[in-house]
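Working notes for the structure below.
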Amino acid sequence: MPLRFQNSPALVAYLTCGDPDLAITLDIALATIDAGADVIELGVPFSDPVADGPVIQRASERALRHGTSLLQVLELARKIRKKSQAGLIIFTYLNPVLRMGMERFSAAAQDACVDGALITDLPVEESRDYLVEMQKRGLATVFLAAPTSTDARLQQIARASSGFVYAVSRTGVTGARQQMPEDAPKLVGRLRRYTDLPVAVGFGISTSAQFEAVGKFADAAVVGSAIVEIIERNPGKEAESVAQFVRQLLVSGRQSSALSR
Amino acid sequence: MAALDELERHYEKAKRDRNFQKRLNQLLHTYAGRPTPLFFAQRLTKILGGAKVYLKREDLLHTGAHKINNCLGQALLVERMGKHRVIAETGAGQHGVATATVCALLGFECVVYMGTEDMRRQELNVFRMRLLGAEVRGVDSGSRTLKDAINEAMRDWVTNVRTTHYLLGSVLGAHPYPTMVRDFHKVTGREARAQILKAEGRLPKAIIACVGGGSNSIGIFYEFIKDKKVQLIGVEAGGRGQRLGDHAARFRGGSPGVLQGTYSYVLQDEAGQISATHSVSAGLDYPSIGPEHAWLKDTGRAEYVSATDQEALEACTVLARTEGIIPALESAHAVAEVIKRAPRMKKSEVVMVNVSGRGDKDIGILRENLKLE
């Protein structure tokens, strides 16, 4: 099922599945979609999340404490798919996928009717088997492009990507920040020389001002830690708190983009 | 990736630059104390009643362990790259101390990441790093040991990559680290080979070294890989039991996986989550192993065994009392293996043990665990 970025900019929302538990993650996912998110990144918690800052680290630790696994996240995806046509991306580190087996993983992803996957620490150089298995099943392979990536590498990333390309807005790990660094528009500009795929910008986006700013040069904004932190801070009313945050983000964030068109 | 490519380019150039080699050798000799002696352990040999035991004394290097070989090499690369900030991870603290040492020597800013559990059990080294001018940042996440320190160091590097070099302390991580770190350590084996030929006129039957990440072991093994009759024996941490989480014997309980940029044998659960590990020695307490060791094991060139916490602690006492050398707990694992193996070997054979570090840092642990009369 092809990913569709309906809105401008589209919202890609990241959730650490299993925090506080899978049932609540299901509720949060559906509420987030209802509030206007175009794509949900279903984060698989990992013991060593090297690309993540403290917020997602803590969420991963909590999710792992009751044994949340890749298999369970795929099962969750299936449940979401029964109720929604929104974009679903499995967001995971490589080792759990390797353990399952690339073929088994892709088959399970197809079976759950997700749209694709993003494997954080799988560089394009090592992605041949992954691309073969995912492409033959029509699943999107999303890769990360960094501000420090060379042009040659951006080209490689663009070639291997489908669905969209994830442009990391700054050198660093996940986590909300006050400003948007200057790195982001430049990176997106460079990427567009090599791809017509939609480009999503992520890491550090938490306010509607940032969301709006990203909308001026990218097709989508990824919001992760900000949502995960809202979940952490609102036990018992996670889904409503996230939905409220998302609605607010989109209302002010898209208004100005719409007006300036 | 860009930082790794940049590092690889500078390293390849440096390898071919005679001046770089000259400067590195000069520092290894006049600053670190190379060459290290190869010592015939006469009393230990007699007591074990088998092969002649020779000890390669990497514990006599400046800072007390083999780690400085790699730190000097990488520090000179940092200079070439024009960076001024160096970060490192450390388990037992020896690599942290060696990094702080070279940063003081060359004038770089230094931040060392260390698990808070390791900081507790290797307090002496924490103080040394601070005295040397490094900032030591405790890592409280995960198991609070080496792998968590590496995670935090990697997060720092990714954030500060333009100004900072990550001085990785073992033959782990993404390329070019495993190759580069091995290259900086192979001086140990090169020296040992010449030394044993001089002393005995023949090559050893076996070489034994402890294996955490795998740097001291690959350092002594490398030169002998081509000598097919020389057995290469790596000793992993057998910890306190056989269950996952009670040891750090990757070849016994691990399977192929990816951790922190390396594909190798990893201790992990069925869902692919990385396992906690245990060893009385902080430097061996790591769930993955250098990929070159995985290759040596898979091709049958090297054999990997393990020693328990108890065996390592006992071996410390044995070496202390038979040769007057207090080894680091990590190195004591290798000593534990020679205690088992030498008696089974012929008196005409030679067995070489790499004493990768000295045991001053372990006084606290030794005191907790040993009842000394």
Out of (1) within 13 Å of chain B (Cβ to nearest Cβ); (2) touching a Lys or Arg at 6+ places or on another chain (Cβ under 9 Å); (3) at pLDDT 95 or above, the odd one out for A:Ala107 is which?
(1)
Residue in the range A:20-69 that is farthest from the other protein chains (Cβ to nearest Cβ), counting only those that are assigned to a loop (DSSP other than H, G, I, E, B) and among the acidic types (Asp, Glu)
A:Asp38
Close pairs (6 angstrom Cβ cut-off, 6 or more residues apart or separate chains): under 17 Å from B:Phe40 (Cα atoms) and at pLDDT 95 or above in the range B:321-349, of a type in the set (Gly, Ala, Ser) and surrounded by fewer than 15 Cβ atoms within 10 Å (Cβ to Cβ) anywhere:
B:Pro343/B:Gly49
Taking the range B:213-235 and the residues there that are farther than 23 Å from B:Ala75 by Cβ and of a type in the set (A, V, I, L, M), the one that is most open to solvent (accessible area, probe 1.4 Å) would be B:Ile225
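For (1) within 26 Å of B:Asn151 (Cβ to Cβ); (2) crowded, with 19+ Cβ neighbours inside 10 Å, each residue gets a yes or a no:
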| residue | (1), (2) |
| --- | --- |
| A:Gly163 | no, yes |
| A:Val168 | yes, yes |
| A:Gly172 | yes, yes |
| A:Arg190 | no, no |
| A:Arg193 | no, no |
| A:Glu212 | no, yes |
| A:Phe217 | no, no |
| A:Ala221 | no, yes |
Positions within the range B:246-301 being facing chain A (nearest Cβ under 9 Å), among the polar types (S, T, N, Q) and touching a strand residue (DSSP E or B) at 6+ places or on another chain (Cβ under 8 Å), in sequence order
B:Ser255, B:Gln260, B:Gln268, B:Ser275
Please determine, by comparing only the residues of the range B:137-147 that are surrounded by fewer than 24 Cβ atoms within 10 Å (Cβ to Cβ) and more than 8 Å from chain A (Cβ to nearest Cβ), which one is modelled with the lowest pLDDT.
B:Ser143
Just one of the numbered conditions (1) in contact with an Asp or Glu (Cβ under 6 Å, 6 or more places away or on another chain); (2) open to solvent by 30 Å² or more (accessible area, probe 1.4 Å) is not true of B:Ala336; which one?
(2)
Take the conditions assigned to a helix (DSSP H, G or I), closer than 29 Å to B:Leu319 by Cβ and among the aromatic types (Phe, Trp, Tyr) and apply them to B:Tyr11. Does it pass?
no
Flagged in the range B:174-212 as open to solvent by 10 Å² or more (accessible area, probe 1.4 Å) and either on the phi > 0 side of the Ramachandran plot or small (Gly, Ala, Ser) (or both), in numbering order, are B:Ala174, B:Ala194, B:Ala199, B:Gly201
Only one of these conditions is not met by B:Thr317: (1) under 24 Å from B:Lys186 (Cβ atoms); (2) open to solvent by 10 Å² or more (accessible area, probe 1.4 Å). Which number is it?
(1)
Mind checking which residues of the range B:80-99 are part of a loop (DSSP other than H, G, I, E, B) and more than 20 Å from the chain's Cα centre (by Cα)?
B:Gly82, B:Lys83, B:His84
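Conditions tested, residue by residue: (1) touching a strand residue (DSSP E or B) at 6+ places or on another chain (Cβ under 6 Å); (2) in a helix (DSSP H, G or I); (3) within 14 Å of chain A (Cβ to nearest Cβ); (4) without any contact (Cβ under 8 Å) to a residue 40 or more places away in the chain.
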site	(1), (2), (3), (4)
B:Lys22	no, yes, no, yes
B:Lys46	no, yes, no, yes
B:Val53	yes, no, no, no
B:Asn69	no, yes, no, no
B:Gln74	no, yes, no, no
B:Val78	yes, yes, no, no
Going through the range A:104-125 one residue at a time, which ones are within 18 Å of A:Phe143 (Cα to Cα), open to solvent by 10 Å² or more (accessible area, probe 1.4 Å) and in contact (Cβ under 8 Å) with a residue 60 or more places away in the chain?
A:Thr120, A:Asp121
Candidate set: the range A:194-211, residues that are touching a residue at least 40 places away in the same chain (Cβ under 8 Å) and either farther than 17 Å from A:Leu11 by Cα or aromatic (Phe, Trp, Tyr) (or both); chosen: the one farthest from the other protein chains (Cβ to nearest Cβ)
A:Phe211
Of all residues in the range A:38-68, which are more than 14 Å from A:Leu15 (Cα to Cα) and among the polar types (S, T, N, Q)?
A:Ser47
Output the number of residues of the range B:55-67 satisfying the condition of being outside any helix (DSSP H, G or I) and charged (D, E, K, R).
3
Give the range B:6-47 a look and list any residue that's closer than 20 Å to B:Thr188 by Cβ, of a type outside the set (A, V, I, L, M), in contact with a Pro (Cβ under 9 Å, 6 or more places away or on another chain) and open to solvent by less than 60 Å² (accessible area, probe 1.4 Å), or say none.
B:Tyr11
Looking only at the range B:1-11, which residues are under 23 Å from the mean Cα position of the chain (by Cα) and either of a type in the set (D, E, K, R) or away from chain A (no Cβ under 14 Å) (or both)?
B:Glu8, B:Tyr11
Filter the range A:70-104 for residues that are under 24 Å from A:Val132 (Cβ atoms) and facing chain B (nearest Cβ under 10 Å) and give the result.
A:Leu70, A:Leu71, A:Thr92, A:Tyr93, A:Leu94, A:Asn95, A:Pro96, A:Val97, A:Leu98, A:Arg99, A:Met100
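The values are calculated or read from the model by the stated rules, or taken from the named source; none is laboratory data. None of these values were measured; they are calculated from a predicted model. Virtual Cβ from ideal backbone geometry, glycine too; neighbours counted across all protein chains shown. Calculation scope for accessible area: heavy atoms of the full protein, side chains included, ligands and nucleic acids excluded. Shrake-Rupley method; radii C 1.70, N 1.55, O 1.52, S 1.80 Å.
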